[in-house]
Amino acid sequence: MKSIAIVEDEKMVAEELASMLEKEGYRVTCAEDFSRITEEVLALRPDLLILDINLPEKSGFQICREVKNKSTIPVVMLTSRDQLPDELHALELGADEYITKPYRKERLLARVANVLRRYEGRQNMLEGPGFFLDRGTYTLFIDGTSVLLPKNQGKILEALMLDLGSVVSKETLCEAVWGTSEFIDENALQVNLTRLKKTMAGLPMKLQITAERGVGYKLESPSEGTVENP
């Protein structure tokens, strides 16, 4: 049974959506705590997220960005905002569909089903800008090609993608690769990082690994910062 999370602050609208989707055989969870909504969605790991834009605490745009930065959960924006700039902005942030209220039941159900079909088999994928990483095999898919990464390099890239845009400490990377940060020769981490950077440099990647001296590493676009020697 496919699971769907609904992030909608109008209770009647959320309940109507939930009832409609449950009748179609979906398992539905409606958000209640909007103060930690991104964390709640990521913890639920639904097969699909239906997301309003005008919400308390933070906007649906921000939630969409945060969810897409850390997962491959498909997002359907369902909103009363019917302006083209809003729709384009949502799609740029990674939304898979943009549906305006009032909506036709048949159209919404068809688009939900279509998005779920598109994501079949991608539950194990981490998505970055223009590329995917298979967390089971550590295969990197980009620009119509695939590269099988050595396990250690794959684990490093996975850890960086799980906290995309933020600095990941050396200790966290060591734990991701070797299961511990103790008794690990830092040179071993550097060797794997150097090899991963070289592989990424040979691909049309929009991101690169940069070092923040004395803190750790992160993935970012070349325009966002400069690479420092560790």
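The values are calculated or read from the model by the stated rules, or taken from the named source; none is laboratory data. These figures come from a predicted structure and were not determined experimentally. Positions of Cβ are backbone-derived with ideal geometry, glycine not excepted, and every protein chain shown enters the neighbour counts.
Only residues that are free of Cβ contacts under 8 Å to residues at least 12 places away in the same chain and closer than 15 Å to Tyr103 by Cβ were counted across the stretch 14-42, and they come to 2. Within the stretch 205-224, residues that are over 23 Å from Leu140 (Cα atoms) sit with their Cβ atoms under 6 Å from residues that are of a type in the set (A, V, I, L, M), at 6+ positions apart or across chains, in these pairs: Glu212/Val167; Val215/Val167.
In the stretch 79-147, counting only strands (runs of 3 or more DSSP E) that sit wholly within it, the ones holding 2 or more residues that are under 23 Å from Ser221 (Cβ atoms) span 125-128, 131-134, 139-142. From the list Ala18, Ala43, Ala14, the lone residue that is modelled with pLDDT under 90, assigned to a helix (DSSP H, G or I) and among the small types (Gly, Ala, Ser) is Ala43. The set of residues from the stretch 10-28 being surrounded by 16 or more Cβ atoms within 10 Å (Cβ to Cβ) and touching a helix residue (DSSP H, G or I) at 6+ places or on another chain (Cβ under 9 Å) comprises Leu17, Leu21, Tyr26, Val28. Quick one: is Lys197 surrounded by 15 or more Cβ atoms within 10 Å (Cβ to Cβ) and farther than 30 Å from Leu17 by Cβ? When the stated conditions are applied, Lys197 passes them. Glu57 falls short of the stated requirement of being at negative phi and charged (D, E, K, R). Would you check if Asp82 is within 22 Å of Ser3 (Cα to Cα) and modelled with pLDDT of 90 or more? Considered against the rule, which asks whether it is within 22 Å of Ser3 (Cα to Cα) and modelled with pLDDT of 90 or more, Asp82 comes out as no. With the condition kept exactly as written, say whether any residue in the stretch 161-173 is assigned to a helix (DSSP H, G or I), of a type in the set (A, V, I, L, M) and either surrounded by fewer than 16 Cβ atoms within 10 Å (Cβ to Cβ) or more than 21 Å from the chain's Cα centre (by Cα) (or both). Within the stretch 161-173, not a single residue is assigned to a helix (DSSP H, G or I), of a type in the set (A, V, I, L, M) and either surrounded by fewer than 16 Cβ atoms within 10 Å (Cβ to Cβ) or more than 21 Å from the chain's Cα centre (by Cα) (or both).
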